[in-house]
Amino acid sequence: LEPPATRAFADPAKVARLGPFDWSKYRPIEVENHGGRLIIQSGLTRVEIARRAGIVRLPAYVFPKSGT
């Protein structure tokens, strides 16, 4: 997974405010497939919180690159 070009990392204040990862609080992340490159469109903070918790797999909606 790659962060979007517009934002390379999750907002540290938001990560701290949301606390530990809780499956019951979060919906799947949204990812756009760019010819095999998976770009996070929604959920960068969720990915970071999960990473910090040692979670390596998240539910995701994967869409083809728009405009193709």
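The values are calculated or read from the model by the stated rules, or taken from the named source; none is laboratory data. Not measured: the values here are computed from a predicted model. Cβ coordinates were reconstructed from backbone atoms using ideal geometry, including for glycine residues, and neighbour counts include every protein chain displayed. Ligands, DNA and RNA are stripped out before the accessible areas are found, and what is left, the full protein with its side chains, is counted by its heavy atoms. Shrake-Rupley method; radii C 1.70, N 1.55, O 1.52, S 1.80 Å.
Sites listed here are trypsin sites (Lys or Arg not before Pro) in the range 1-47 whose DSSP assignment is loop and whose Cβ has at most 15 other Cβ atoms within 10 Å: Arg7, Lys25. Exposed loop sites here are chymotrypsin sites (Phe, Trp or Tyr not before Pro) assigned a DSSP state other than H, G, I, E or B and surrounded by at most 11 other beta carbons within 10 Å; excluding them, the longest clear run of the chain is 24-68. Stretching the chain fully between Thr6 and Asp22 yields a gain of 3.1 nm (0.36 nm per residue, less the alpha carbon separation).
Regarding the chain, what whole-number volume in Å³ per residue does the convex hull of its Cα atoms give?
Convex hull of Cα atoms, per residue: 86 Å³.
DSSP beta bridges in the chain, what fraction antiparallel, as a percent rounded to 5?
45
Hey, can you find the accessible area per residue of the chain for me, probe 1.4 Å, expressed in square angstrom?
Details: 4830 Å² over 68 residues.
Value for the chain: 71 Å² per residue.
Remark: the range 20-30, residue by residue, has Karplus-estimated 3J(HN,Hα) of x, 5, 9, 3, 6, 8, 10, 9, x, 6, 10 Hz, where x stands for each Gly or Pro and the curve is 6.51 cos²θ - 1.76 cosθ + 1.60 at θ = phi - 60°. Round to a whole number: what % of the accessible area of the chain belongs to carbon and sulfur, probe 1.4 Å? Taking all protein chains in place, the chain shows 56 percent carbon and sulfur surface. For the pair Ala53 and Glu30, the difference between a 0.36 nm per residue extended length and the Cα-Cα distance amounts to 6.3 nm.
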